[in-house]
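Asks: Here it is, the structure, as structure tokens.
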């Protein structure tokens, strides 16, 4: 998150954004275009999916090469 936003973690992003939810079901019910608007506003990404894909790729890369 720090690399692509001004937030320390995803929770800080959610707290600051308008993406308010308490459960996974509530989060899934948020329309994709609303998620995209918040991502565009507060990150260097163009969509929620782009941010999620990058996060997963960077996490896996970090974990796969840990200790190498």
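Just so it is clear, none of the values below were taken in a lab; they were calculated from the coordinates. The shown structure was predicted, so the numbers you read here are calculated from the model rather than taken from an experiment. Methodologically, a virtual Cβ is constructed for each residue, glycine included, from the backbone with ideal geometry; neighbour enumeration extends over all protein chains shown.
Asks: Can you sort 58, 25 by how many other beta carbons sit within 10 Å, fewest first?
Replies: Numbers: 58 13, 25 8.
In order of increasing Cβ crowding within 10 Å: 25, 58.
Asks: Sticking with this structure for a sec: Taking 7 Å along the Cα-to-C-beta vector as the label spot, tell me the residue 59-residue 33 distance in nanometres, rounded to one decimal.
Replies: According to this spin-label approximation, the distance is 2.9 nm.
Asks: Which of 54, 23, 43 ends up with the largest GNM mean-square fluctuation for the chain, with Cα atoms connected below 10 Å?
Replies: 23
Asks: Continuing with this model, one more query. With a 10 Å Cβ neighbour count serving as the proxy for reagent exposure, in which order, fewest first, do 53, 22, 17 appear?
Replies: Numbers: 53 12, 22 7, 17 17.
Exposure proxy ranking, most exposed first: 22, 53, 17.
Asks: Computed on alpha carbon atoms, what radius of gyration and Dmax characterise the chain, expressed in Å?
Replies: Radius of gyration, then largest Cα-Cα span, for the chain: 13.0, 40 Å.
Asks: Report, to the nearest 10°, how far helix 32-42 tilts away from the longest principal axis of the Cα atoms in the chain, using its own Cα long axis and a range of 0 to 90°.
Replies: On a 0 to 90 degree scale, this one is about 70.
Asks: Still on this structure, please answer the following. Which of these, 29, 55, 12, has the largest mean-square fluctuation under a Gaussian network model of the chain (Cα springs below 10 Å)?
Replies: The residue that fluctuates most here is 29.
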